[in-house]
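**Student:** Below is the structure I would like to discuss, written out as structure tokens.
Each reported figure results from applying straightforward, stated rules to the coordinates on display, with no laboratory input. Keep in mind it's a predicted model, so treat the numbers as computed, not measured. Reconstructed Cβ throughout: ideal geometry from the backbone, glycine too, with neighbour counts over all protein chains shown.
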Amino acid sequence: MKRLPLHSRVLNLASVLTLLSLLFVSSSYAGSLKVSRVTDGDTLTVRDGRAEKTIRLVGIDAPEVSHKKRKPSQPFAQAATKHIAGMVLNKNVEIKEYGQDRYGRVLAVVFLDGKNVNLEMVKAGYAEVYRGTPAPGFDSAPYWKAEEEAKAAKKGIWAQGEKYLSPREWRRVNSGK
């Protein structure tokens, strides 16, 4: 068997080491994400020690927080924000990504100690299932079941009964257009 020249063996070794380092970085990356900010009930910022990413919790839509002075937030917006902050703020989480939204945010399911935070928001009545086009590969079936149960128990947003307005509809009505 013919042996490769030294420079070819060095290049092959460098390629293998590069590949292994990339695999190591990507597999450990998810475990080292720390939630540094909670914007609202379905948006947060994570830090991996080097960079920040804005995460939009895929599959859910939480009540809207107003970012304008003298404009009220949607009912339960503050409660939803406090609920998720209590779960994840300053804690290490893992994420499963489903691409990006039109604003460049990472669409992801967030996990804390193996628990699906997105699904927990729906179960607690602080978010509904996202009504738009679902992210490719995302299974919303457990979310719809959780929403039905939260609605039947009148948890969180569902306590409003007939007065409830979905976040999507609230954005449309309050966009000023």
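**Student:** Where a Cα-Cα gap under 15 Å defines reach, which aspartates and glutamates qualify for K155, not counting those fewer than 8 residues away within the same chain?
**Tutor:** Hits, sequence-local ones excluded: E120, E128, E147.
**Student:** Which GluC sites (Glu not before Pro) from the stretch 94-169 combine a DSSP loop assignment with at most 15 other Cβ atoms within 10 Å?
**Tutor:** Within the stretch 94-169, no GluC sites (Glu not before Pro) qualify (loop, at most 15 other Cβ atoms within 10 Å).
**Student:** In a shell of Cβ-Cβ distance under 11 Å around D61, excluding D61 itself, what net charge do Lys and Arg (+1) and Asp and Glu (-1) give?
**Tutor:** -2
**Student:** Same structure, new question: First check a/c for the stretch 32-174, with a ≥ b ≥ c the square roots of the eigenvalues of its C-alpha gyration tensor; if it is under 1.5, answer rounded, and if not, answer prolate when a/b is larger than b/c or oblate otherwise.
**Tutor:** It is prolate, given that a/c is not under 1.5 and a/b is the larger ratio.
**Student:** Between K96 and H67, what length comes free when the chain is fully extended (0.36 nm per residue of separation minus the Cα-Cα distance, one decimal in nm)?
**Tutor:** Between K96 and H67, full extension yields 7.6 nm more.
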